[in-house]
Amino acid sequence: MARIGKLVVIGVGLIGGSFALALKRARAVGHIVGVGRTRRNLAAALKLRIIDEVSRDLAGTVKDADFVLIATPVGQMPAVMAAIAPHLPLRAVVTDGGSTKRDVIACARRFLGGHFPRFVPSHPIAGTERSGAEVASVELYRDRCVVLTPLQDTRADAVKRVRDAWKACGARVVRLDAAEHDRIFGTVSHLPHVVAYALVNALARRPDAKRLFGYSAGGLRDTVRIAGSSPEMWADICVANRDALLAALEEYEDELERVRAAIDSGDAAELRRMFEQARSAREKWLVKKRP
């Protein structure tokens, strides 16, 4: 790939920090400037050599940038795009790391103006329930999938620039339509997070919650691991992708009702059938599956 002279990472957390580290290792970038809301996180990113410079001045930072990654929660992207749009040089390519795409595209179209054709929507399918610069990893994107959702008016050279950057991080890059992306991830990513948060809350509200959690083991912990994810980020995602998520929730509620009915009637044969079906589907599509 053509080397990136100056990279600006807005939001130096797990996603943005790992992107910076991976490009550094690939020697695909010259200078990295980190922008964010908290001094402590930016100081950690600088100390860990994830970034080369800290800035709190968005306008001044992007005015000579070659590549900008917006790695904030999707709810913050309108303000970020509005702030950087008047100051982006013509050559700069802009991308994001958001888990929803239709809302981010609409935001970019509204706020980036004439720079919109050089905006390439991205979603790296990689992450953990942890957040912040201190958990950034140079290996986060190795053999992971990154989805691009460019539009007809997205410049081909910008798409190539972004694709090459993710490939330099070790990722496998695919393309999807934005609406199809949101439908898929509303089901396989956003729904599981909502379920995990809801299950923890249902147990935590019980008067014997402390005792219940004290007896919990791998089953509960494996199921609700992702409830440790950023509440701010996931609240933004749920609102941004509400239509697809509500449809997925309705299907899940229907399945829970079928399980409930079988338990209520004492129908062990039906429960075995449903559980065997689920186990077979898991083994077919999820066991040893690369994300």
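Candidates in segment 132-171 are the residues that are acidic (Asp, Glu) and not in a loop (DSSP other than H, G, I, E, B); of these, the one that is nearest to the chain's Cα centre (by Cα) is 134. Kindly evaluate residue 129 against the criterion of being assigned to a helix (DSSP H, G or I) and modelled with pLDDT under 95. For residue 129, the condition - assigned to a helix (DSSP H, G or I) and modelled with pLDDT under 95 - is not met. Exactly one residue out of 194, 174, 224 is of a type outside the set (Lys, Arg), in a strand (DSSP E or B) and in contact (Cβ under 8 Å) with a residue 12 or more places away in the chain: that is 174. Scanning segment 34-91 for residues that are in contact with a His (Cβ under 8 Å, 6 or more places away or on another chain) and within 15 Å of residue 19 (Cα to Cα) turns up just one, 52. Strands (runs of 3 or more DSSP E) fully within segment 1-106 that include at least 1 residues being modelled with pLDDT of 95 or more and crowded, with 20+ Cβ neighbours inside 10 Å: 4-10, 29-35, 67-70, 93-96.
For first residues located in segment 265-283 and more than 16 Å from residue 254 (Cβ to Cβ), partners that are at pLDDT 95 or above and lie 6+ apart or on another chain with Cβ distances below 6 Å form the pairs 271/262. When restricted to residues that are among the aliphatic types (A, V, I, L, M) and either touching an Asp or Glu at 6+ places or on another chain (Cβ under 8 Å) or within 22 Å of residue 197 (Cα to Cα) (or both), segment 109-131 contains 2. Residue-level check: of (1) surrounded by fewer than 17 Cβ atoms within 10 Å (Cβ to Cβ); (2) in contact (Cβ under 8 Å) with a residue 60 or more places away in the chain; (3) more than 29 Å from residue 226 (Cα to Cα), residue 110 misses just (2).
The values are calculated or read from the model by the stated rules, or taken from the named source; none is laboratory data. Quick caveat, the model's predicted, so the values are computed rather than measured. Using ideal geometry, Cβ is built from the backbone for each residue, glycine included, and neighbour counts are taken over all protein chains shown.
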